[in-house]
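Nothing in this text is a laboratory measurement; each read-out follows from the coordinates by a stated rule. For clarity, every value in this text was computed on a predicted model and none was experimentally measured. FYI the Cβ positions are ideal-geometry reconstructions off the backbone, even for glycines, and counts take in every protein chain you see.
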Amino acid sequence: MGKALAYKFDKKGFEIYPVLKNEVALVNKVCDYVIFYPHKERLFVFLCELKTTNITGSSKQVQATEIFASCLVKIAQMYLNFRVFNVEYRSLIFSTRTIKSITNNKMKQPYLEYPNGLKHKHLRAGEICQLDSHCY
């Protein structure tokens, strides 16, 4: 287990793209948390969404947040002399919903993929989540 940097973007009144506020519906919807986690020569960017039983809309939120997080990584590499890593984005959707695709937070389970290629999995809310077990 290593060091991680976590951001909470999903705050009331926070807009990632304020210029597009009224022009594009849902453009400012983002994940609850983004965790930047270096692990074995790779930088994993975990896009974490917290849901209760209704996970509707979570796919668009994590995909929009992936674009924003990618921009942050590129800015850090360009302006902050940030070490260049192989960057891998993973979506972790935590839910209390009872569905077959929810996996145990401690076990390596295969990721599913959205049409844009973003790997994701649903995890049971309320359990400890070790990031190392999701770095594959």
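Mind checking which pairs have a first residue in the range 116-136 that is over 19 Å from L43 (Cα atoms) and touching a residue at least 12 places away in the same chain (Cβ under 8 Å) and a second that is outside any loop (DSSP other than H, G, I, E, B) and aromatic (F, W, Y), Cβ under 6 Å, 6 or more apart or different chains?
Cβ pairs passing all conditions: L123/F94; A125/F94.
Against the definition (loosely packed, with under 13 Cβ neighbours inside 10 Å and β-branched (V, I, T)), how does T65 come out, yes or no?
On the way: loosely packed, with under 13 Cβ neighbours inside 10 Å: no; β-branched (V, I, T): yes.
In short, no.
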